[in-house]
Amino acid sequence: DAMVIQNPRYQVTQFGKPVTLSCSQTLNHNVMYWYQQKSSQAPKLLFHYYDKDFNNEADTPDNFQSRRPNTSFCFLDIRSPGLGDAAMYLCATSGGQTYEQYFGPGTRLTVT
Amino acid sequence: GEDVEQSLFLSVREGDSSVINCTYTDSSSTYLYWYKQEPGAGLQLLTYIFSNMDMKQDQRLTVLLNKKDKHLSLRIADTQTGDSAIYFCAEMSGGYNKLIFGAGTRLAVHP
């Protein structure tokens, strides 16, 4: 039944060590999103893909990259994680007629 | 600019109704949404309302939209302890692919 799947659910990485977070979807939606959410804050959009068309938010640091090899999968790469990058990372998809977004359970990233 | 505002905290007694309020700024928003987030989890879509509607009811949930005042509310009838969570209001903005979220309202339900 899972529609948006994120792996792993918890990730610990060292300061400066590259890390990749994964997202997959079974909804066949054409839009996929990555959000960063820090404690007690709203999710902050990092970027989204409309099919293969990549759209970066203006304030997303260069340290964050993304790949979407096919409709089902999307990856978030953090090239050199800093302590400030510790957060919950949420993947979402959209493709319905009412443009609602469906979220995965999130990956909590800890940077040591 | 685009902005969505919510009160940060609401405490209600079990069995009472909860009303969570939200204001938004983009008058061209086509859809507005309510999401629920439980601790350590992703966001769960609760309901949405199209901008040409004033009200939408879905079981215990009632959404009211006042376009003139750009005010959205979510009413939860017969609030239960399982309703304790953070509730986010969101507007569609800047095209059909982008949501602007409020900071979230933390709902605490006590006996």
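A few notes on this one:
- Residue selected from the stretch A:49-79 under the condition of a type in the set (Gly, Ala, Ser) and surrounded by 13 or more Cβ atoms within 10 Å (Cβ to Cβ), by the criterion farthest from the chain's Cα centre (by Cα): A:Ser72
- Positions within the stretch A:87-112 being over 17 Å from A:Gln65 (Cβ atoms), under 13 Å from the mean Cα position of the chain (by Cα) and more than 10 Å from chain B (Cβ to nearest Cβ), in sequence order: A:Thr93
- Selection of strands (runs of 3 or more DSSP E) fully inside the stretch A:57-112 by the criterion of at least 3 residues being at pLDDT 95 or above and within 15 Å of A:Gln36 (Cα to Cα) returns A:64-67, A:73-78, A:87-94, A:107-111.
- Taken across the stretch B:21-30, residues that are farther than 24 Å from A:Ala92 by Cβ and in a strand (DSSP E or B) do occur, with at least one present.
- Of the residues making up the stretch B:66-109, those that are surrounded by fewer than 20 Cβ atoms within 10 Å (Cβ to Cβ), within 15 Å of B:Tyr24 (Cβ to Cβ) and more than 14 Å from chain A (Cβ to nearest Cβ) are B:Asn66, B:Lys67, B:Lys68, B:Asp69, B:Lys70, B:His71, B:Ser73.
- The residue list A:Asn56, A:Asn30, A:Asn63, A:Asn70 contains one member that is at the interface with chain B (Cβ under 10 Å from one of its Cβ atoms) and not aromatic (Phe, Trp, Tyr), which is A:Asn30.
The values are calculated or read from the model by the stated rules, or taken from the named source; none is laboratory data. Predicted, not measured: the structure shown is a model, and the values here were computed from it. Because the Cβ atoms are built from the backbone with ideal geometry, glycine has one as well, and the counts that use them run over all protein chains shown.
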